[in-house]
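Colleague: What follows is a structure written as structure tokens; I'll ask about it next.
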Amino acid sequence: MANSFQQRLSQECQWFLLAVQFFTRIPVGLLLPFKPSDLNRTSRYISIVGLIVATIAGLAYGMGYLLYGPWLAALLALASAVLATGAFHEDGLADAADGFGGGLTRAQILLIMKDSRIGTYGTVATFLSLTAKVVLLAQLSLPQGILAIALQHMLSRTLAVSLMLKLSYVQEDASSKVKPVAKQLLTQDIVLAGCIALLPCLLLTLTEAIVLLSSLLILRWLAIVYLSKRLGGYTGDCLGAVQQLMELMVLFVVVAFWTSL
């Protein structure tokens, strides 16, 4: 019984550490030998990875706010999150913008997204996204900003990964970042991640929580419809783009509530 519990605990730790290793640049070692199948279970810890990134960004935001004010605090929060993840999701947004902006057919979109170079659409989308995040976050007080950071990083990652339950992976390429994860995704893992991601919502009013979650679910549905129509599924870049859009949606909603007269 004790051995069984220890093995299960070791396996859970392996999945958690692998999630941190895969989705961030934080240097961690694995407890067990790596198996590609383990990547299928990292999704259960995606919201905790979001919490880790949010903690890093929140600390940078807090120090920046106290020392320099809201604008530099927002910039520091964004920069620290990008450094912690290696611009993992921002890269997906840029590639997806180039693909959907420049490609007319499914084959063209996929081909463009595989190109490591960034084009006009990707540059503009990334610039607008980063600028909007700084401007929106700078409108908040210190406690509000920290809560917003937790909400955006935890909810956005969980909802973006949940698209894998509804869509099929369409870009079979050995160099794909998401291919090992895309083979199998368990609903129970997403449910667990979702329950964890909802915890910061307990600090919202009922109206705020309902509007925020409804907005994110509508965006998720629109993403599924759009990706189904244009690609017939998703790629890793698409998930990164959706995650970035989810982050923006969180900020737009909370800023609208917390700064309205």
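Any read-out appearing in this document is the output of simple, stated calculations on the displayed coordinates, not a laboratory observation. From a predicted model like this one, the values you see are computed outputs, not experimental measurements. Virtual Cβ from ideal backbone geometry, glycine too; neighbours counted across all protein chains shown.
Colleague: Using the Cβ atoms and a cut-off under 10 Å, what net charge is assigned to the surroundings of His89, where Lys and Arg are +1 and Asp and Glu are -1?
Modeller: Net local charge, His89 excluded: -3.
Colleague: Then there is this: Looking at Ala77, Ile26, Val161, which one has the Cα that reaches farthest to the positive end of the dipole of the chain (charges on Cβ: Lys, Arg +1; Asp, Glu -1)?
Modeller: Looking along the dipole axis, the top candidate is Val161.
Colleague: Let me ask you something else. Which value, in debye to the nearest 20, describes the size of the charge dipole of the range 42-258 about its Cα centre when Lys and Arg Cβ atoms bear +1, Asp and Glu Cβ atoms bear -1, and nothing else is charged?
Modeller: About 360 debye.
Colleague: Using a/c under 1.5 as the rounded threshold, could you call the range 86-237 rounded, prolate or oblate? The axes a ≥ b ≥ c are square roots of the C-alpha gyration tensor eigenvalues, and prolate needs a/b larger than b/c, oblate otherwise.
Modeller: oblate
Colleague: Find out how many positive minus negative residues lie around Ile52, taking Lys and Arg as positive, Asp and Glu as negative, among other residues whose Cβ is under 13 Å from that of Ile52.
Modeller: Details: positive: Arg25, Arg157; negative: none.
Every neighbour counted, the sum reads +2.
Colleague: If you don't mind, another one. For Met246, what charge total do you get from the other residues with a beta carbon under 9 Å from its beta carbon, if Lys and Arg give +1 and Asp and Glu give -1?
Modeller: For residues surrounding Met246, the net value is +1.
Colleague: Long-range amide H contacts for Tyr169: which residues qualify at under 5 Å (H placed 1.01 Å from N, peptide plane, sequence gap of 5 or more or a different chain)?
Modeller: Residues meeting the criterion, in which the H sits 1.01 Å from N, are Tyr234.
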